[in-house]
Structures are given as C-alpha cells and as structure tokens.
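To start, the structure itself, in structure tokens.
The values are calculated or read from the model by the stated rules, or taken from the named source; none is laboratory data. Only a predicted model underlies this, so the values are computations on that prediction, with no experimental measurement involved. In this analysis, Cβ positions are derived from the backbone assuming ideal geometry, glycine residues included, and neighbour counts consider all displayed protein chains.
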Amino acid sequence: MIEWEKLGNGKWKVKKKISVNDPDYKTNLMRQMRAIKKFCDDCNITYTLADPCPHHLSDSPEHRAKYNSWLAQKRKIKIKTTTPEESKQTFILKDEED
C-alpha cells in the first residue's frame, strides 16, 4: 500500500511506501476489517471480518484452529445432552432384568 501526498501545484507525490510486513499495516488492516459488519443467517448474529463466525472462517491455520475448537465445543455440548437419556435407558433395562 502506498500513501500519497498532494503537492501545491496539483500533482501527487509518493509520501511513503508501507510494507506488508510493517506492524502498522496489520493494525490498520484489522481496524478496517472491524468496521465491515456482515450478518450470518446460520448463526443469526452480526459478525466482523476481523472476528468471523465459524461458518465464514478462511483456510488459514489460525482460523482452522478456531474452527476445530468450536467444533470440539459443539461435540461436548451434544454429548452432555445425550448422556442423561442414555443413562435413563440403561436403568430401565437393569430394572427389567431383575
């Protein structure tokens, strides 16, 4: 990204070149991404491009790790909700065997 400076005679001059590896570049990019807001129909929430919902993550390693942790939490919740039903069924079977 290049920043431009307008001269007094109406011409433009390169003010300074910003490197992609520059720390200011990342902070400015994240600020711009936080300003862009989208709505997810699956989650029914509004998310920003800096912190997307699990359905809209990219294939970057950071986002893959975030998606896998979300998936693990979802599985744990599913297991917790099915465990009481299974335990009731096993008690009924034990009572019938006696």
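Give the residue, chosen from L7, L29, L49, that is farther than 30 Å from K74 by Cα, of a type in the set (A, V, I, L, M, F, W, C) and under 22 Å from the mean Cα position of the chain (by Cα). Before the answer, list the steps.
Values: L7 fails: under 22 Å from the mean Cα position of the chain (by Cα); L49 fails: farther than 30 Å from K74 by Cα.
Result: L29 is the single residue among L7, L29, L49 that is farther than 30 Å from K74 by Cα, of a type in the set (A, V, I, L, M, F, W, C) and under 22 Å from the mean Cα position of the chain (by Cα).
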Does at least one position in region 81-89 carry a residue that is assigned to a loop (DSSP other than H, G, I, E, B), at pLDDT below 75 and loosely packed, with under 11 Cβ neighbours inside 10 Å?
no
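Residues in region 5-12: is at least one loosely packed, with under 11 Cβ neighbours inside 10 Å, among the small types (G, A, S) and outside any loop (DSSP other than H, G, I, E, B)? I'd like the intermediate steps shown before the answer.
So the first thing to find is which residues in region 5-12 are loosely packed, with under 11 Cβ neighbours inside 10 Å, and the list is 5-12.
Now narrow it down to the ones that are among the small types (G, A, S): 8, 10.
Checking the rest, the ones that are also outside any loop (DSSP other than H, G, I, E, B) come to none.
There is no residue in region 5-12 that is loosely packed, with under 11 Cβ neighbours inside 10 Å, among the small types (G, A, S) and outside any loop (DSSP other than H, G, I, E, B).
Answer yes or no as to whether Q73 is assigned to a helix (DSSP H, G or I), out of contact with any helix residue (DSSP H, G or I) (no Cβ under 7 Å at 6 or more places or on another chain) and modelled with pLDDT of 85 or more. It would help to see each step written out before you state the result.
Working: assigned to a helix (DSSP H, G or I): yes; out of contact with any helix residue (DSSP H, G or I) (no Cβ under 7 Å at 6 or more places or on another chain): yes; modelled with pLDDT of 85 or more: yes.
Against the criterion (assigned to a helix (DSSP H, G or I), out of contact with any helix residue (DSSP H, G or I) (no Cβ under 7 Å at 6 or more places or on another chain) and modelled with pLDDT of 85 or more), Q73 qualifies.
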With the condition kept exactly as written, say whether any residue in region 45-66 is surrounded by 11 or more Cβ atoms within 10 Å (Cβ to Cβ), out of contact with any Cys (no Cβ under 8 Å at 6 or more places or on another chain) and modelled with pLDDT under 75.
no
